[in-house]
Each structure stands twice: as C-alpha cells, then as structure tokens.
Amino acid sequence: MANGPAPFSDVGKRARDLLTKDYNFDQKFTLSIPSSTGLGLIATGLKKGEIFVGDVSTNYKSGRTVVDVKVDTNCNVSTKVTVNDVFSNTKSVLSFSLPDHKSGKLDVQYLHPRAAIDSSIGLNPSPQLALSATMGSKDLSLGAEVGFDTASALFTKYNAGIAFNKPDFTASLMLADKAETLKASYIHCLDRSDGFTVAAELTHRFSTLENRFVFGTSQSIDPFTVVKSRFTNDGKAALLYQREWRPKSHVTFSAEYDAAKNFGQATKFGLGLSLKP
C-alpha cells in the first residue's frame, strides 16, 4: 500500500542503507544478464584475502510468480519462489536450500492502508516462528516483531520500534536485541541540486553501557558519480566513490582508515565492478 505503513524490517532502513550499503573492502565482481523472455542470470565473485567465493543465480518471472535459484562455490543450491497477490495485497515466499533439508521456510506478507504484517514459519518438525507487524500510516508507524523456537520453547527475538517519515527526512527509534539495545537513527536529504544527504545512528547497550555513534553523508558529484563518507566514534573513517560508466553498470571504490590499529593494518581498500549488458 503506497500510503500504508512499511513493514517492520524497514524501520531505520533509509539511514542504515546510507551508512552501510555498497561499502565493500574486498574485491567483488557482479555480472547481470537480463532477458526479454523473463529469465535473467547473475554471476557474483568475491575475493577475501586469499579466498575466492562466488555464486551464479537465475531469476525467472512469469505473471505473478518469480523464481530465484542460486548455486554457490560450496555446491549449495538456494531456491526462492515468490507469488504476489495470491490473496488481495499479499505476497507469499517459499524458500529452501539443498542439501540442508531443514532450511525450508514460508513467509507471508500482508499490506493494508493501516497495517503491515509479516509472518514466517520453518517447514520442519520443530520450526522457527516469526511475526512482525506495524500500524499507522506512511508518515508515522509503530511496530514490533517476535521470534519463537518451538524446539527449545524459547523466544529468539523480540523488538519494537517507531518511525516518522517525510519525503526529505526519516527518524526512527528501536528497542532491539531482546530489549538490550536502543537504536536511534535519522536521515535528512537537504534541498540541494547535488542531493546532499546526511544520516546518523546512535546505539546504546544497556548491559555494558556502551555507546556507538555513526555519522555519514552522500552526494552526487555529477549525474553519474556518487561520493559517500562515514565516521564512527571509535576512530574509523570510510570513503566510497561510485561511478556509473554505462547505463546500470558501475565501478565502486571503498577505503577505510582505523585509527585504533597499527599503521600497516590501519587502512583497508575495496573494489567492486558491476556489469549489466
């Protein structure tokens, strides 16, 4: 629903994406090959130190159904089947991995002008259960989520949050990690031609009285170039440069400096290349 509340997983997402999305301190390559027949192919490779991992995935769309299949370098096969509007305003997702026969899961999402509900159940004899819901509107929403393990009869998570959204800014407050962590986030897009945006996230842990603060910015140098920066209270500073050198294909350079580490280990660099013919 365009005017309804977003799912609970979106609480704080705008700020979180600016502060973390596309930052990569390894070498990553992605090749996406779309198809007019509804069958697409995506190949991804990631080099972490001396270790190389990768996967190949296909995406097939037909009507209201989307099927994703991914095979990685460890011969794991992950499958996800998404069906939209089985019932009005619902989305159902069936996912499983092989050879893990206990990985099956069914997710159902329902969107209403005044509520968004997500439910999940594991498809095994002792399933994990999860339920989240938000109520309100697109501008102001209040939500919570809970997870339960039927094998141990214990709650695996319970979180709550509130979000206030406007076209140019979003503020959110979340009680997470079984009420052990309080997170506050804010993102503001300034009225400038370069789309200059600032975001901040403050995290407080009640058990250790530890505080963590992250501040970041994003702006467009030109229609094809985005620069992002990120700073944390523990002395880390990161920079991201992303250039679209052809439609939907871009190169991303990331760097991070950690003032708490020795000189030789203080700086990390990463390079990402994404191609879409």
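The values are calculated or read from the model by the stated rules, or taken from the named source; none is laboratory data. The shown structure was predicted, so the numbers you read here are calculated from the model rather than taken from an experiment. Note: ideal-geometry Cβ built from the backbone for every residue, glycine included; neighbour counts use all protein chains shown.
So the check is Cβ under 8 Å with 6+ separation or different chains; which pairs have a first residue in region 168-181 that's under 15 Å from E145 (Cα atoms) and a second one that's in a strand (DSSP E or B) and among the aromatic types (F, W, Y)?
K178/F155; K178/Y158; A179/Y158
List the number of the failed condition for G122; all other conditions in (1) out of contact with any helix residue (DSSP H, G or I) (no Cβ under 6 Å at 6 or more places or on another chain); (2) small (G, A, S); (3) under 30 Å from G216 (Cβ atoms) hold.
Answer for G122: the failing condition is (3).
Condition check ((1) farther than 20 Å from L123 by Cα; (2) of a type in the set (S, T, N, Q); (3) surrounded by fewer than 17 Cβ atoms within 10 Å (Cβ to Cβ)) across all residues:
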position	(1), (2), (3)
F8	yes, no, no
K28	yes, no, no
P34	yes, no, yes
G49	yes, no, yes
V67	no, no, no
D72	yes, no, yes
K102	no, no, yes
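Scan L182, L240, L271 and give me the residue that is touching a His at 6+ places or on another chain (Cβ under 9 Å) and either in a strand (DSSP E or B) or buried (at least 16 other Cβ atoms within 10 Å of the Cβ) (or both).
L182
Just checking, does region 155-165 include any residue being farther than 16 Å from V11 by Cα and part of a loop (DSSP other than H, G, I, E, B)?
Checked region 155-165: no residue is farther than 16 Å from V11 by Cα and part of a loop (DSSP other than H, G, I, E, B).
Might you let me know whether region 193-200 holds any residue that is hydroxyl-bearing (S, T, Y) and touching a helix residue (DSSP H, G or I) at 6+ places or on another chain (Cβ under 7 Å)?
Checked region 193-200: at least one residue is hydroxyl-bearing (S, T, Y) and touching a helix residue (DSSP H, G or I) at 6+ places or on another chain (Cβ under 7 Å).
Can you find a residue that is in contact with a Ser or Thr (Cβ under 6 Å, 6 or more places away or on another chain), surrounded by 13 or more Cβ atoms within 10 Å (Cβ to Cβ) and modelled with pLDDT under 95 anywhere in region 193-207?
Scanning region 193-207, I find at least one residue that is in contact with a Ser or Thr (Cβ under 6 Å, 6 or more places away or on another chain), surrounded by 13 or more Cβ atoms within 10 Å (Cβ to Cβ) and modelled with pLDDT under 95, so the answer is yes.
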